[in-house]
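Bear in mind that the values in this text are calculations on the coordinates, not laboratory data. Note that the structure is predicted; figures quoted are calculated from it, not measured. Neighbour counts run over all protein chains shown; Cβ positions are idealised from the backbone, glycine included.
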Amino acid sequence: MNGSVNTTTTGGHGGEPRLCLPPLPPRRPQFVPPAGSCDCHVHVFGDPARFPYEGDRSFTPELGLDLAALGRLHRTLGIAKAVIVQTGIQSPDVVLEALRAEPDRLRGVAVLRGDTSDRRLDELNEAGVRGIRINLFRRAGAAVYRGGAGPDDLAALAPRIKRLGWHIQAWLDADDLPQWAPTLLSYGLQVVVDHMGRITTDRGVDSPGFVHLCEMVRRGEVWCKLSCADRISVAGTPYSDAVPYARALLEANRDRVVWGTDWPHVNYYDAVPDDAALLDLVPTIATDAADVDRLFVANPRQLYGF
């Protein structure tokens, strides 16, 4: 079963979004991450009684996918730090509460509207938010997920987050990167591309969008998260068809890549990825100990200010 999202969920337009499967119980991987390793892409969800879900959303998570559950995962995997990326279905206060609970271990990326106040930006920055996530993700010209922040929010926020040293986290398909790159780079901020550009492995490492992404990484114009091997794979478990894509990005620029699980893997309805299996792909991607250290320790420290 590959990791493509379900695009037929409903919410706010005639029904409740489907309930996602819960993540698998954590198990210990064979690969041992280096000391101080960081999982640079996770989500947590608050109790909807305290943090109501947005009505117009693409999925509904299981209950209990909170900071305590994330901690259990990372203790099992041997991960020391994490970057919590806000989803568009709950308030930034979910991330804010988590960051304040474990300030030394956590950093955050927020989903914010263009009218967010400077006071709010300062509050998030003090807690450990280091970027904003923009949803540009399309397939065949149609949005894959509803909600989130878009180009207009970015245009309003970019000049104001520059003083904080934040970055733009762009969630898009690599094939659309040539279209969006001039806009993303025009703000003079660091840019992080999510999930290997959400390429699908049936397109090939020589597909134009992915080549463009690799070139931007090579030139140091963008960072890239070597996450979501499960979502880009068309072969399914153990996602080995994703390895050449991750390796190409690493080899393009070893100082501009980070790694993440994407826990708790929302929008899965048939089978959920095993985080230990995703971690066990790392030795096939980064064969040099120095590269592993960059991927898990040095690069996250630089990007997120641990």
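At-a-glance table
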{"item": "Verdict on V32 being over 25 Å from A143 (Cα atoms), touching a residue at least 12 places away in the same chain (Cβ under 8 Å), part of a loop (DSSP other than H, G, I, E, B) and out of contact with any Lys or Arg (no Cβ under 8 Å at 6 or more places or on another chain)", "result": "yes"}
{"item": "Residues located in the stretch 164-217, provided they are among the β-branched types (V, I, T), in a helix (DSSP H, G or I) and over 18 Å from the mean Cα position of the chain (by Cα)", "result": "T183, V211"}
{"item": "Candidate set from the stretch 231-266 (those that are acidic (D, E) and part of a helix (DSSP H, G or I)); member that is surrounded by the fewest Cβ atoms within 10 Å (Cβ to Cβ)", "result": "E251"}
{"item": "Residue check, R294 under 16 Å from the mean Cα position of the chain (by Cα), buried (at least 19 other Cβ atoms within 10 Å of the Cβ) and among the basic types (K, R)", "result": "no"}
{"item": "Matching residues, the stretch 267-291, being more than 18 Å from the chain's Cα centre (by Cα), surrounded by fewer than 20 Cβ atoms within 10 Å (Cβ to Cβ) and not in a helix (DSSP H, G or I)", "result": "Y269, D270, A271, D280, T287, D288"}
{"item": "Residue within the stretch 119-139 that is of a type in the set (K, R), touching a residue at least 60 places away in the same chain (Cβ under 8 Å) and more than 26 Å from P103 (Cα to Cα) present", "result": "yes"}
{"item": "Hits in the stretch 77-91 - residues which are on the phi < 0 side of the Ramachandran plot, in contact with a Ser or Thr (Cβ under 9 Å, 6 or more places away or on another chain) and surrounded by fewer than 21 Cβ atoms within 10 Å (Cβ to Cβ)", "result": "A80, G88"}
